[in-house]
1. Mind jotting down the distance between the C-alpha centroids of region A:88-123 and region B:102-140, whole Å?
2. Kirkwood hydrodynamic radius, region B:1-103, all distinct C-alpha pairs: what's the number in Å?
3. Rounded to the nearest 500, what is the 222 nm mean residue ellipticity of chain B from helices alone, with -39500 (n - 2.57) per DSSP H run of 4+ residues and division by all residues?
4. Under the rule of -39500 (n - 2.57) per DSSP H run of 4 or more residues, summed and divided by the residues of chain A, what mean residue ellipticity at 222 nm is obtained, to the nearest 500 deg cm²/dmol?
5. Counting other C-beta atoms within 10 Å, and keeping those with at most 11, which DSSP coil trypsin sites (Lys or Arg not before Pro) do you find in region A:88-132?
6. Mind checking the dipole of the protein assembly as shown: about its Cα centre, +1 per Lys or Arg Cβ, -1 per Asp or Glu Cβ, Debye to the nearest 20?
7. Would you mind getting the Kirkwood hydrodynamic radius of the protein assembly as shown from its Cα pairs, rounded to one decimal in Å?
8. Just to be sure I understand: with springs between alpha-carbon atoms less than 10 Å apart, which residue in A:Asn42, A:Asn26, A:Asn84 has the highest mean-square fluctuation in the Gaussian network model of chain A?
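Please treat every number below as a calculation from the coordinates, not as lab data. The structure displayed is predicted, hence computed values, not measured ones. A quick note on method: Cβ atoms are made from the backbone with ideal geometry, for glycine too, and the neighbour counts reach across all protein chains shown.
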Amino acid sequence: MVYLTRKCEFSASHYYHNPEFSAEENQRIFGKCANLNGHGHNYTLEVTVKGDVDPKTGFVVDLKELKEILNREVLEALDHRHLNKEVPEFLRQIPTTENLAIAIWNRLQGKLHVAKLHRVRVYELPDLFVDFYGEA
Amino acid sequence: MKAHLTRRYLFSASHRLHCDGLSESENQATYGKCNNPHGHGHNYALEVTVSGQVNPQTGMVCNLVDLDGAVHREVLERFDHVNLNARREFAATVPTTENLSEVIFNILKQSFTAAHLEKVRLEETMMNSFEYAGGAELRV
């Protein structure tokens, strides 16, 4: 079993707001992330897949194919977008880094033909990242 | 859904690697320049990984403000800009980064309970790092 990680970047804006909370609660729980005008990040995404090395090609996965899947399923939907307003998953869900990692996993799951999705890591900042392994 | 969240912190400290149970030449042979009598310092980078169910109302594993507060209060205030050898945590052990990782893990295990502490990862320099998961298997 070999693990392969592909890295890419995207930039997006978001804000944190739960309509079930009062204005005070939103402010207390989400702090400056609750500003309804939003703010943005340069996100770094690392997608790790695992599988056996194909004896003929020496590949775990065709990198070109993985890149195309990432571009089509993730980057086109998220890059230079407002997550709350333009990405369907976040019309009703708060676009925290946790939920973003889960949403990206769900977008990629089932799209890989050879290797298996192992981990989605999303960096919101160089000092903050979330890992999702597809666990319930 | 269960997610893992990692936050990175920086602190600076000095130490000297020296074991009282070894002779002077054995200490020198074991620890090399880390055994120099007056010690030396590092800029440490600490990564703390916690896990838990993502709260459906907040979208969070835990509130970062709480995690930052615990790490600042319990770890950074204790170890930033100090001589590790002079700390009581290292009265009986050598302040290697292995031991420091274990000490920090155990401190956070006690003081931060809002999410499950998975592991700590400690970079001593850009060239080396240590991970401790409280005896649990480290995850890829």
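1. Between the Cα centre of region B:102-140 and that of region A:88-123, the gap is 26 Å.
2. 15.7
3. -6500 deg cm²/dmol
4. Roughly -6500 deg cm²/dmol at 222 nm, from the helical runs in chain A.
5. Passing both the DSSP loop test and the Cβ count: A:Arg92.
6. Computed charge dipole of the protein assembly as shown: roughly 400 debye.
7. Roughly 20.9 Å, rounded to one decimal.
8. Ranking A:Asn42, A:Asn26, A:Asn84 by mean-square fluctuation puts A:Asn26 first.
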